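Every number here is computed from the coordinates shown, using simple stated rules; none is lab data. Values in this document were obtained by computation on a predicted structure and should not be read as measured data. Counting neighbours? That spans all protein chains shown, and the Cβs are built from the backbone with ideal geometry, glycine included.
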There are 2 protein chains.
Amino acid sequence: MAKERDHHSNKDKKLLVGVVWNFSTELKLIFMALLVIFTLATLLPFIPSSSFSLSASDFRFCISRFSPAVVPVNITSTAVNKTEPEIDRVLDNGVIKRTFTGHGSAAYNFVTMSAYRGGVNSFAVIGLSSKPLHVYGRPSYRCEWVPLDPTQHPVSTTGFKILTDWGYGRIYTTVVVNCTFSSLSAVNSGGNLILHATTGDPSLNLTDSIPVLTEPPNSVDFDLYTSSAAVKKKYDYLYCGSSLYGNLSPQRVREWIAYHARFFGDRSHFVLHDAGGIHGEVFEVLRPWIELGRVTVHDIRDQERFDGYYHNQFMVVNDCLHRYRFEAKWMFFFDVDEFMYVPEKETVESVMESLEEYSQFTIEQMPMSSKICYSGDGPARTYRKWGFEKMAYRDVKKVPRRDRKYAVQPQNVFATGVHMSQNLQGKTYHKAEGKIRYFHYHGSISQRREPCRHLFNDSRVFLENNPYVLDTTLRDVGLAVKTFEMRTIGDRLIRTRQ
Amino acid sequence: MAKERDHHSNKDKKLLVGVVWNFSTELKLIFMALLVIFTLATLLPFIPSSSFSLSASDFRFCISRFSPAVVPVNITSTAVNKTEPEIDRVLDNGVIKRTFTGHGSAAYNFVTMSAYRGGVNSFAVIGLSSKPLHVYGRPSYRCEWVPLDPTQHPVSTTGFKILTDWGYGRIYTTVVVNCTFSSLSAVNSGGNLILHATTGDPSLNLTDSIPVLTEPPNSVDFDLYTSSAAVKKKYDYLYCGSSLYGNLSPQRVREWIAYHARFFGDRSHFVLHDAGGIHGEVFEVLRPWIELGRVTVHDIRDQERFDGYYHNQFMVVNDCLHRYRFEAKWMFFFDVDEFMYVPEKETVESVMESLEEYSQFTIEQMPMSSKICYSGDGPARTYRKWGFEKMAYRDVKKVPRRDRKYAVQPQNVFATGVHMSQNLQGKTYHKAEGKIRYFHYHGSISQRREPCRHLFNDSRVFLENNPYVLDTTLRDVGLAVKTFEMRTIGDRLIRTRQ
């Protein structure tokens, strides 16, 4: 009986299998096909992209059928405004609800120029921002440091906004944002600094998150920020020039750089900013000094797009300040038609040492005529002389005040301006007249024709209601400067034109 | 032999087929599966969406594997800026090329409020534009009329820009653009008016194309523009109110509307603009007049987003001017704390008729104290009197000039302001003092407490270094106004609070 039962169940099993396998071939095929379909549906997402060559538009179409939320948006700068204008409507109580629709953009919220690390836990962001936004609105800034190391958390802090351009801004105003974090450590693992700039629009509170600085790992020399002031910097004196613009005289620029390369000595450097003024011939007179490593030129012509007053010079000097902040003991801010001078009994070093205790000092201006020349050697020789040799008459009209220029110890400075810094720690000194002054040849730098319009011999001149006196201070060092130029860069610039 | 060959070839064919069919069942299945796969790959894009329920994220993932160009862009107002910041680079000649990157938007190029047809071939567009753009930049406008009728060509013209706010603008300034076409014909086939607003950015020359007005076919009554001035308008006098803001006193507003509804008569209408000042209780005092069709309220609260000086009042009065330009013979522009008055021997009609030849006349101000009250009826009764009854002391301090208000014949006016229009054709008259004046209760309209701080009985008062005289001009019509209110709207407002 057992044997029969076993046999029977075996037979049943066999029968079942047999039933299945005894379906027609076609049915077997259908079952296999269905199996394949379901396998395919499961595996399709994982097929590598190289296997297919469907076009993007097919997929857009495909996608739009399946998921209307994913629609590519076309953004161009001359896009026709695709927003349906909102219509005014009448409310239940009879009041007409009016709508107001903004279009396009007249000013960026923030224009970034640069950002620099200022210490173990601080950075400065330099740029421009819409002027009326700052005058009438309430914009605010937050800084966020996002470490590259995923085990470290991002930290953020309130950005301290410094408006440095004395209200001169036009469509844009210069902004320096100081980001000082309370808890950044001096690890060199790199990271990104993000500036969150909020317009403070009451309805929208729009925030633009702007990546301003990327620090690769191991790129920071933290010693720069922690070493004492006594440690020698790369340069003793660094010149930060304002935006150079216009049809500049190559000869005047030649004279200026030779004079100051000698004046400040070997351990000095000159940073110039080209806003269009360093045309071909001017570049040629700078070239020898660039090759010697004494001059760096920054091409800042692209800032012309943004109307922030005089080629955004306030932004430019702040960029220079923060960029070279740890490379120089002293930074000087003056123009290329201005010549620094210390009395003969002094040297630059002795003067600067005596001003060591000050973070900043301002420098008195000696205004010189750029049209009246001293013809002591006779007219023919006069014209061939260098500018600061022949333009030797000083304007002595009594005025309430004259503009001044200045120098700072940059590590103590957080933001700066054209005539002085108002954002610094430490003392400012305004009485350095006996130690250092500058001679200003206003109007000479863009004069492409012979500047001398009037030749005089006298020690006092009265012209166009203005009194002048003969001041040969710089004239007297003319030969020394020319000799220095010849010794340093040879006669490469001998054919420089007015 | 043939038979053998035939048989042989037949046998060959049969053999071939047999070979195929004699493959194992498994191989047959594989072939069928492959057939199914290829069929599926061909048919998949055409399957209707309802058949599937894959999620959007699956497809995004899918898509990103197949076609990297189609990446959905997430645009929200707090989007992280996805533009890679441009890097400064060193050029061949050693110059460092600096880059400047704009982010976000601080001001719209143009904010539209409204546009209205002003004639057979002209329109006015009223809105706001970034203030410094107009002060320092060179923005320009073109108007384009696109007829609905495809057989007519679009026409375009230079938009004439009128800045009407006397330099008061802050982040935004009011702009009226006059679009006068040379060749629009008086066909009523409808069309769209597009304003092309160019920022004049030297590098980008961005133009926003803004649809500002849609005219359906047969919607224009060209008679409005061509009929003579003698044809009676819908209203004789229309009041255009400036932006109402603050915690306004319902009682003062009640008094003002009752007074002027009587003063201007039946063929007058009052247009008020709520910038937040028409709160619940104030609306209640306007409601009876709205129901009678004497008052229209425009809710303009949304303009608060745009800082254009004092709730954009210059834009508001220009909207009113252009919106109702053909509905009224005269438009008056003054505030709700100001009361018009003509001498007893005159009526509004007689005065206005005498000023018929002028497009505009300005109205002299009688400044009244809003704190000093006349207690001629005894203090108890004084407080219960209406504002213009009890505040009866006029400021007579000698000043070089006082603000004035004005009225215009709107068809001659192209843009207007708060104190007068400077963009009109025709004559302006400034010597209408004998004919019409207004009494100004400065400071009374937002006073929620009892305004009378000092009660006097005298005909001359000297307070806080200011001389006042008793002037009962408006006090004397108090009863008539109250009676008029009672007759016109009943006692609905009897419980109005200060």
Averaged over the residues of B:193-199, the number of partner chain Cβ atoms within 10 Å of each residue's own Cβ comes to 2
Which distances in nm, rounded to one decimal and ordered from shortest, link the label point of B:Leu455 to the equivalent label points in the other identical copies, with labels set 7 Å from Cα toward Cβ? 9.3
B:Phe484 paired with A:Leu27, simple spin-label distance in nm, labels 7 Å along Cα-to-beta-carbon: 10.0
Checking the range B:428-498 for trypsin sites (Lys or Arg not before Pro) in a loop per DSSP with at most 13 other beta-carbon atoms within 10 Å yields B:Lys431, B:Arg449, B:Arg453, B:Arg495, B:Arg497
Assign one of three labels to the range A:397-498, namely rounded, prolate or oblate, based on the Cα gyration tensor with a ≥ b ≥ c the square roots of its eigenvalues; rounded applies when a/c is under 1.5, prolate when it is not and a/b is larger than b/c, and oblate otherwise. oblate
Can you list the distances in nanometres, one decimal and ascending, from the A:Asp377 label point to the identical position in each other copy, with the point 7 Å along Cα to Cβ? 9.9
From the square roots a ≥ b ≥ c of the eigenvalues of the alpha-carbon gyration tensor of the range B:163-278, which class results: rounded (a/c under 1.5), prolate (a/b over b/c), or oblate? oblate
More than 26 angstrom apart: percent of Cα pairs within the range B:199-336: 37
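Taking R0 as 41 Å, what's the FRET efficiency between A:Arg402 and B:Leu206 from their Cβ-Cβ distance, rounded to 0.05?
Result of the calculation: an efficiency of 0.45.
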For the ranges B:135-141, B:316-322, what's the packing order if you count other beta-carbon atoms within 10 Å of each residue, average per peptide, and put the highest first? B:316-322, B:135-141
Take every residue in peptide B:295-303, count the Cβ atoms of other chains within 10 Å of its Cβ, and give the average of those counts. 5
Anchor A:Lys427: aspartates and glutamates whose Cα lies under 13 Å away (excluding residues fewer than 8 positions away in-chain): A:Glu356, A:Glu357
Per DSSP, the loop-located GluC sites (Glu not before Pro) within the range A:289-366 having at most 12 other beta carbons within 10 Å are A:Glu344, A:Glu356, A:Glu357
Label point 7 Å beyond Cα along the C-beta direction, distances from B:Gly94 to other copies (nm, shortest first): 8.1
If you wrap the range A:251-299's Cα atoms in a convex hull and average its projection over all directions, what's the area in nm²? 3.1
Given a cut-off of under 8 Å on Cα pairs at least six residues apart, what relative contact order in percent is computed for the range A:405-451? 22
Pick out, in residue order, every one of the GluC sites (Glu not before Pro) in the range B:407-498 that is DSSP loop and has at most 10 other C-beta atoms within 10 Å; say none if there are none. B:Glu464
Calculate the mean, over all residues of peptide A:210-222, of how many other protein chain Cβ atoms lie within 10 angstrom of the residue's Cβ. 2
